[in-house]
Structures are given as structure tokens and as C-alpha cells.
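Here the structure comes first, spelled out in C-alpha cells, and everything after it is commentary.
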Amino acid sequence: MNQLMAARSLTTLPVVTLGGDAVAQIKDTVFDAAAGRITGFTLSGRGLLSGPLKQSLPWPAVHALGPHAVMIVDAGALADTPVVVARREAQQGRVLHAKVLTDEGAEVGTVLDVVVEGGTSGRVVGFRIAAVKSLVRGSRRHRHRVYVPRGDTLAVSGRALVIPADATRYVADDLPAFVARVSAFHEGHEGTPS
Amino acid sequence: MMLFSQARGLPVLTLTEAEELGVLRSLTVDATAGVVTHVRVRGRHSRKESVLAWGALHALGPDAVLVRSATAPAEVPPHHELPGLRILTETGDWLGTVQDVAFEPDTGRIEAVVTAQGDVPADRLLGLGDYALVVRAG
């Protein structure tokens, strides 16, 4: 599996051509309506005083998403902003802070961040959530932040997001541990009849 | 085999008059082709930097660089200083920074890029820009 990254940590990541030039940096990550995958990035210029760019980066133009850079073939890959932004406006504020419910109707928490797979897939593999107390057993902390995998089916409607109930058995406290949990979650799913 | 760090600082002289043009400051590399294309020379007194095409060199020896002609090339590509530059793989991973570059002084062919994590062979080089040296993931 490719490296997992939190979408918020992608902000300020440089956009680098295979020719070695940094042409922009990530401003925001844009997801599709079902929060299934990354559709693109809005960009800002590099440096302290540079503001948002008119151009954006659609996902198909990404060569690879890595922990230290978003690689593109050349600067021609950047598109005019409206392509990506239209989706962003529909999406913004929807996933973050959305309520997470299981398909059995239990509230799990609220979304703090979206965990994506790097490389060429751009898939959303899970969420970092502020969990409700009942989810994290033994914890007395008021708010507990955990990673929870997404299921194969994921419904996002209005302000809530529904994940399979058994996904809550695969929560992890940090990103490295989450990598193992995600694989375990998918293996567990292959074994159980739906 | 020679290192950029060894070539740097060598006196540059014309072959016919043995006139000293200055010292070798840096080497400009075409990463895709894997060759040194130009050398940059800084004058001893004027401190002005001039550019010579690799083809204008007669020999790059252990103690001096001899050039056939000191005329500047018509077209000078942008120079990106390799030593100290960060290295990224095409998958967006960090591979450290360039410590030195090993090259063949007869042909100008790059052999490897030296990093703290080991050598990166020249055939893995993809591109060289103002931000990074991009290499194929190994």
C-alpha cells in the first residue's frame, strides 16, 4: 500500500515538475462529492507574499503524490481554477466537521481530517475524527482523536457521513498504526459474506 | 573519475597562450542527458563569471583545466547548482541532498550523484530544476 497522508498536512506541500522546478504549493485539497477520492488541489504561489493562484491542479495531471512533494510532469498540467473550484465549493465545509455515524445508527464522532493514499490513487482511506467517549474504551479523556477507516460504501449527505459499523473496530491512534489497521480492515471484509 | 568538489577551484588556462582565465566555479549539468554541458569560470581579478561550453575544453586534468577558446557560447542554459540541492524521487519522496557529483573528466559524462544515503547512478536522473533534482524511484 502507498503511504497514507492527512489531507491537512498537504497544505504548503510544493508542486514540483519532473524537471525539478517548483511551480506552486498546495492550498487546499478538493474531494469528490462522495468523499471517495481527491479530485484536485487549489494552489498558492511559493513564498511568503504570494497569494492564491488562478490555476489549480486536477488529480489526473498528478504524476505522484508523495510525503515531500506533489510531482507533475510539467507546468502545462495546471488548469484554470474553475474546473476544480466548482467542486470545491459544493464540497467545502461538508466533510470537515461532519458528524460520523455508523450504519447501525451510532454516533462515532466528527471529522477532523481526511486520510488519503499517496502515489497515483488519491483514494480516501479513512478519517481522523474527534471520537465520542463510547468509541474509545478505557479512555477518560473528554475528546479523543482517532483514525477510522472508511468502508467500501460511504454515504455523505448534508452534514453527516455514514461508515460501516465494523469499521469502528479498526480505529488507530496514529497514522503509522492506522496503515496496519486499514489492511486488516480490508482483509476482514474479504472474509465476511456481505 | 572525478568529483565536482575536486574540479572546483582548478585554474582555467587557454591551451595556446597559457593565459589564465580564472578558476573553475561550477559545472552546469543536463540531468536528462547525464552530461556536463558548461563550465563556469570566475576571473581571478575581475571576479566576473563567464561560461564556457564543454566542447571548448581541451582537457580537465587533476591540476588545471585547459581550454581551446575562451569565447562564450551563443546560448547559455540556466544553471542549477547541484551540490546542496535537495533530491526528490518521482513519487514525491525525499532522498536527501546532493553532496557531490562523480563524473568522467574526459567525456563529461555523469557517473553518480553522491548523497549521505549512498550514490544515485546517473541513469536514474530525471530532471534538474530550481527546486530539486528529480530521480527515478529505485
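The values are calculated or read from the model by the stated rules, or taken from the named source; none is laboratory data. In this text, all values refer to a predicted model and were calculated from it rather than measured experimentally. All Cβ positions, even for glycine, are placed from backbone atoms using ideal geometry, and neighbour counts span all protein chains on display. Heavy atoms of the whole protein, side chains included, go into the accessibility calculation; ligands, DNA and RNA do not. Shrake-Rupley method; radii C 1.70, N 1.55, O 1.52, S 1.80 Å.
So who's got an amide H within less than 5 Å of the one on A:Ala98, skipping anything under 5 residues away but keeping other chains? H placed 1.01 Å off N, in plane.
So A:Ala98 has HN proximity to A:Val111.
Over the protein assembly as shown, what percent of the accessible surface lies on carbon and sulfur atoms, probe 1.4 Å?
Taking all protein chains in place, the protein assembly as shown shows 51 percent carbon and sulfur surface.
Connecting C-alpha atoms closer than 10 Å in a GNM of chain B, tell me which of B:Glu90, B:Glu17, B:Glu111 has the biggest fluctuation.
Comparing B:Glu90, B:Glu17, B:Glu111 in the GNM, the peak value goes to B:Glu17.
Using the Karplus equation 6.51 cos²θ - 1.76 cosθ + 1.60 (θ = phi - 60°), what ³J(HN,Hα) coupling, rounded to whole Hz, does each residue of segment A:65-74 give in order, writing x for Gly and Pro?
Coupling constants for segment A:65-74: 9, x, x, 10, 6, 9, 8, 10, 5, 7 Hz.
Can you list the trypsin sites (Lys or Arg not before Pro) in segment B:44-138 that are in a DSSP coil and have 13 or fewer other beta carbons within 10 angstrom?
B:Arg44, B:Arg47, B:Lys48
In the protein assembly as shown, with Lys and Arg counted as +1 and Asp and Glu as -1 at Cβ, which of these residues, B:Thr16, B:Val67, A:His97, has the Cα nearest the positive end of the dipole, that is, farthest along it?
Result: A:His97.
Quick one: 3J(HN,Hα) in Hz for segment A:164-173, Karplus 6.51/-1.76/1.60 with θ = phi - 60°, rounded, Gly and Pro as x.
x, 4, 6, 4, 6, 7, 10, 6, 9, 7
State the antiparallel share, in %, of DSSP beta bridges confined to segment B:86-135, rounding to the nearest 5.
75 percent
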